[in-house]
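Step one of this worksheet: look at the structure below.
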Amino acid sequence: MAGAVVGAGCNICDHAFIESGAWLGDRVTVKNAVLVWDRVTIEDDVFLGPNMLFTNDFRPRAEVRRGRGELTPTVVRRGATIGAGVTVVAGTEIGEYAFVGAGAVITRDVPAHALVVGNPARSIGWACRCGERLTDELTCPGCAAAYEPTRPGPGLRAADGGEPPGWPPGSVAPASPAAAPPR
């Protein structure tokens, strides 16, 4: 839709709707029938699964028209995955490389690298940048990356403070996340 910002290299599939005022970074995958509304910001390298949707109004009424300033912003940070059929309630932030399982309902912020499922979504573990579930020792069985808790905050980061070793295989790590538009 006119007024939406869509970055370079995005893959937007059939029947997806991106409303004016929505902002997508580079290399975002938007699968079929995804709904992205005004005041939703999606950073680089995010995956939005089929039939997932965002909300932007806590008090929707057909007869009440709210101005843009009354809508609640939502942010999805770089590299996050949101599974099929997920609902993301307005005003939440999904952290870098978080993994949201199919059908979850996000009602509060999701920390970086958290693996969440259910309604309402709850944390069941941690996800590596490559998408594998981390062990209890916060290492990846797939790519051998190691993680540590962030300070302050409830999320994780690569243990050496940089990118996990060998990620992505055979290529260069993406540039830093795009600056979000002013809100």
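The values are calculated or read from the model by the stated rules, or taken from the named source; none is laboratory data. The structure displayed is predicted, hence computed values, not measured ones. Ideal geometry is used to build each Cβ from the backbone, glycine not excepted, and the neighbour counts take in all protein chains shown.
Output the residue which, of all residues in segment 40-56 that are more than 10 Å from I82 (Cα to Cα) and not polar (S, T, N, Q), is surrounded by the most Cβ atoms within 10 Å (Cβ to Cβ).
Taking segment 40-56 first, the residues more than 10 Å from I82 (Cα to Cα) are 40-45, 51, 54-56.
In the following step, the residues that additionally are not polar (S, T, N, Q) were identified as 40, 42-45, 54.
Working: V40: 26, I42: 31, E43: 23, D44: 21, D45: 23, F54: 25.
Selected residue: I42.
Within segment 78-89, is even one residue under 24 Å from A2 (Cβ atoms), assigned by TED's automatic domain parsing to the domain that holds W23 and not in a strand (DSSP E or B)?
No - not one qualifying residue is present in segment 78-89.
Would segment 93-106 turn up any residue that is in contact (Cβ under 8 Å) with a residue 40 or more places away in the chain and in a strand (DSSP E or B)?
no
Please state which of the following conditions W126 fails to meet, knowing it meets all the rest: (1) farther than 19 Å from D44 by Cβ; (2) at pLDDT 95 or above; (3) in a loop (DSSP other than H, G, I, E, B).
Failed condition: (3).
Search segment 67-89 for residues being surrounded by fewer than 19 Cβ atoms within 10 Å (Cβ to Cβ) and in contact with a Lys or Arg (Cβ under 8 Å, 6 or more places away or on another chain), and hand back the single one that is farthest from G153 (Cα to Cα).
Here the answer is R68.
Can you tell me which residue in segment 44-77 is farthest from E19 (Cα to Cα), limited to those that are outside any loop (DSSP other than H, G, I, E, B) and of a type in the set (V, I, T)?
Here is the first cut: in segment 44-77, the residues outside any loop (DSSP other than H, G, I, E, B) are 47-48, 53-54, 61, 64, 68-70, 74-76.
Okay, now just the ones that are also of a type in the set (V, I, T), so 64, 74-76.
Details: V64: 19, T74: 14, V75: 15, V76: 16 Å.
For segment 44-77, the residue satisfying everything is V64.
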